[in-house]
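The structure appears right after this line, and notes come after that.
The values are calculated or read from the model by the stated rules, or taken from the named source; none is laboratory data. Here the structure is a predicted model, which is why all the values come from computation and not from measurement. Cβ sites come from the backbone with ideal geometry, for glycine too, and all protein chains shown count toward neighbours. Surface areas here come from the heavy atoms of the whole protein model, side chains and all, with no ligands, DNA or RNA. Shrake-Rupley method; radii C 1.70, N 1.55, O 1.52, S 1.80 Å.
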Amino acid sequence: MRKKICIIYTGGTIGMVPGENGYVPSKSRLEDSLTGIGDLFKPGMPALEVIQFDPLLDSSNVSVPEWNKIGKTIADNYEKYDGFVVLHGTDTMSYSASALSFMLENLEKPVVFTGAQIPLCEIRSDGYSNIVSSVVIASEGNVKEVCIYFDGKLIRGCRSTKISSDRFAAFASPNFGLLADVGITVEYHDRGGLPKKNGDFKYTAFEEVPVGIIKMFPGIQIRLFESIMTKQLKGVVLETFGAGNIPSGSAGEIIPIIEKAYENGTLIVVCSQCIQGTVTLGTYETSKSLMDIGAVTGNDMTTEAALTKLIYLFSCHYPIDRIRKLMTENLRGEIG
């Protein structure tokens, strides 16, 4: 039986056209372009149906409501299709792919995010090959998780990060191997790392959880951030140096403010600014103070995964002690 793939078009560069003030999403451009991609209609290819969002968005404007819309679209059509391809802008694709990784539990079908660095309306667009390969991967069904396909690489969604704004290889997976290399053939890699599925497919909508990211830098004046450390703040991803270090010279200011946030019930998750490696609190004296006041390690999670995982866990309404514990455990292959 011929397989069916759903293409969910959210917006992004891939379907944009020139406007008065730069590229803008186009409602008609994508479907016109798809009909011109002959490879999509060759024997052996799946049947395609397109769901187009309205309004279409530049991915800089994608946030929790759009993540929920994508997730609910997949959930509502889960039994109807064999796989899903999500066309999305590149700027926040790693955040969206991470978010969908958590909100779609016990996933048994491929959800492949892709897009383009050059719009389909322009010469040399990378969108053509990205769409065709994503559809093939979604129809083959070998990867039953949320992932990103770009420029010959298939990456676990909650392991991805955008590394380039002007190269076709826009995404990388710094702490985890590729799920597949795509050349003449699609070479899948059995990377493991996914916990055993424990039930039926489940979609969990995200709530508008008050969370934030604070990036350490030399000479940081942490008191500038004190005003946001209120009881309303549910979680903070602290991007630290190296393996979890903070500036020791500023620790006299940093630690009391972080401790105050912790006492207010804010969950502090420590990630590294390094694109590769893991956080090991206590390895250096400059990180032990964070461990002592109750911060939890983000291990080798990307910032995108840590932030969206926080939102997911708070949206599940778990007790704070359970959320603290689950932040350090591997739920969707986000931790090595």
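Per-residue ellipticity at 222 nm, computed for the chain from helices alone with -39500 (n - 2.57) per DSSP H run of at least four residues, works out to -8000 deg cm²/dmol. For the stretch 123-162, the list of trypsin sites (Lys or Arg not before Pro) that fall in a loop by DSSP and count at most 13 other C-beta atoms within 10 angstrom reads 124.
The mean accessible area for residues of the chain, using a 1.4 Å probe and ignoring ligands and nucleic acids, is 44 Å² per residue. Within the chain, the longest run free of GluC sites (Glu not before Pro) that sit in a DSSP loop with at most 16 other Cβ atoms within 10 Å is 209-328.
With a Förster radius of 30 Å applied to the C-beta separation of residue 41 and residue 189, the computed FRET efficiency comes to 0.55. Answer with a single label: of (i) 65, 49, 34; (ii) 56, 45, 37; (iii) 89, 49, 45, which was calculated as Cα extents along the principal axes in Å from the structure in view? Label (i) holds the value from this structure. Relative to the longest principal axis of the Cα atoms of the chain, helix 64-76 runs at roughly 50 degrees. How tilted is helix 303-315 with respect to the longest principal axis of the chain? Cα atoms for both, answer in degrees (0 to 90, nearest 10). The two axes meet at around 80 degrees. Among the trypsin sites (Lys or Arg not before Pro) in the stretch 179-223, those located in a DSSP loop and surrounded by at most 13 other Cβ atoms within 10 Å of their own Cβ are 196, 197. Label the stretch 99-225 by shape, choosing from rounded, prolate and oblate, from the square roots a ≥ b ≥ c of the eigenvalues of the Cα gyration tensor; if a/c is under 1.5 it is rounded, and otherwise prolate applies when a/b is larger than b/c, oblate when it is not. Oblate, since a/c reaches 1.5 and b/c is not below a/b.
State the percentage of accessible surface on the stretch 213-290 attributable to carbon and sulfur atoms; use a 1.4 Å probe and exclude ligands, DNA and RNA.
Carbon-and-sulfur percentage of accessible area, whole number: 53.
Label-to-label distance for residue 322 and residue 228 is 2.8 nm, based on points extended 7 Å past Cα in the beta-carbon direction.
From the square roots a ≥ b ≥ c of the eigenvalues of the alpha-carbon gyration tensor of the stretch 1-98, which class results: rounded (a/c under 1.5), prolate (a/b over b/c), or oblate? Here the stretch 1-98 falls in the oblate category. Just list whichever of 196/309; 80/153; 72/309; 80/162 have alpha carbons separated by over 20 Å in the model shown. Going by Cα-Cα distance, 80/153; 80/162 fall outside the 20 Å limit.
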